[in-house]
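The numbers here are math on the coordinates, done by the rules we state, and not lab data. All figures in this text were calculated on a predicted structure; none of them were measured in a lab. A quick note on method: Cβ atoms are made from the backbone with ideal geometry, for glycine too, and the neighbour counts reach across all protein chains shown.
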Amino acid sequence: MDESTDAAVIAASIDDPSCFSELFDRHARVIFRYLVRRVGPDADDLLGEVFRVAFERRESYDSCRPDAAPWLYGIATRVVSKQRRSEGRRIKAMARYAAQRAGAEDMAERVAASTDASDDWSRVADAVADLPSAEWDTLLLYVWEELSYEQIAAALDIPVGTVRSRLNRARARLRDTSLPSERMGS
Amino acid sequence: MSDELEPLRQLRPDNVLPADPGDPTVLSRQKEQLMSTIAHEPETTLQLPDIYPRVAYNDEFAALDYLVSVFGFTELREARMEHEWDGRTQMHAWVRMGAGVVMISHANHDVHRIYSPSELGNTTAIFHVKVHDIDSQYAKAVAQGADVTMELEDAFYGERRYEATDLEGHRWHFAESHDAIRARGGEVPDDPQGGKP
């Protein structure tokens with residue numbers, strides 16, 4: 001089964017559900033990493049949920065798509081989207097950690113700089129913390145998961161043009177926060 | 001990646017937090033639970049309807065493959081019966097779409113007197129099949145080489161439909177109501193005149 005496409009594995013699992021474990025083996029690690037990035041420790045149980053939903057929907061999988069990763073990303077995105085509010089808190093917490101770390105790493109520069117690093121990071125977090133879910137999902141699939149526009153379009157079941165316009169809106173928001181470039185190293 | 005998005009990439013939790021090896025057993029534990037849930041899933045077989053047709057083919061194995069791969073029927077695999085008859089293996093199989101079922105069998109001239117349309121040159125029934133998302137079902141069928149005998153169109157009575165024949169000439173009429181198309185976010189003409197969608 002190693003050589004077969006995901007589409008073939010999913011098709012085989014319609015009659016023989018045990019084949020579905022192959023799909024898990026191929027994608028669970030990456031999907032789990034995505035869930036952990038978005039929701040932290042809650043990811044453990046959500047991982048099983050993502051693959052259960054995928055299993056239930058396996059008959060409607062578009063067999064023209066050999067790689068099932070975008071499909072699974074789409075399901076994972078819908079599964080975590082209920083937690084949008086806590087994700088906003090989470091990204092702000094990340095900004096605080098990032099500021100602490102930056103502070104510890106180049107204390108001398110920070111002293112020389114006129115502003116505190118924590119202001120910069122919290123401005124980034126504030127800019128995205130309350131993005132509408134659709135834009136947030138698109139942004140993370142692109143920036144954190146490094147999916148292509150086409151893969152994001154397949155995952156979220158939207159036209160590629162919509163992916164582009166959502167990312168442009170997010171870029172515009174972040175552009176306004178304009179971190180000083182010397183702070184962006186590390 | 002453009003610069004505006006770079007700060008957000010740096011805020012990705014695994015870039016911010018110390019490397020966390022995590023619980024190495026999560027994947028295997030979740031996989032075990034998943035496969036156990038799947039194994040205990042209620043049977044996907046549906047009860048056979050009180051009426052369903054038995055459809056005759058000279059090569060019922062090829063017919064079954066075709067119905068599944070081209071039209072997207074699902075075989076009720078556990079129902080299949082194979083037996084030796086007339087020096088060859090014959091098969092009874094059941095395939096479903098939604099809540100409907102047809103039985104696939106070998107043409108039987110002696111007992112039941114049912115023939116394949118390929119022997120008769122005609123057929124005496126058309127199978128109406130309601131499908132979900134007829135646009136993609138149609139596209140897949142065409143991509144798989146379906147023999148379309150009536151092009152996809154929006155019929156005046158509020159359905160999008162097309163017709164195709166299978167390997168031996170049975171006629172399959174696939175349709176989805178305009179209401180269902182709207183419900184899944186598709187577009188339908190206000191005043192369908194039988195034109196192409």
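Values as computed for the structure displayed
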{"quantity": "Taking B:25, A:77, A:138, B:37 and counting other C-beta atoms within 10 Å, the order from fewest to most", "calculated": "B:25, B:37, A:77, A:138"}
{"quantity": "Table column - 3J(HN,Hα) (Hz), the stretch B:57-63, Karplus curve with 6.51, -1.76, 1.60, x for Gly and Pro", "calculated": "9, 6, 10, 6, 5, 5, 4"}
{"quantity": "Sorted peptide list for B:6-15, B:159-168, A:161-170, criterion being average Cβ within 10 angstrom, highest first", "calculated": "B:159-168, B:6-15, A:161-170"}
{"quantity": "Averaged over A:39-52, number of beta-carbon atoms from partner chains that fall within 10 Å", "calculated": "4"}
{"quantity": "Residues B:110, A:119 arranged by fewest to most Cβ contacts within 10 Å", "calculated": "B:110, A:119"}
{"quantity": "Where the Cα pairs of the protein assembly as shown fall when distances are cut into 10 Å bins, in %", "calculated": "4, 18, 23, 21, 15, 10, 6, 3, 1, 0"}
{"quantity": "Which of B:97, B:35 has the fewest Cβ neighbours within 10 Å, and the rest in rising order", "calculated": "B:35, B:97"}
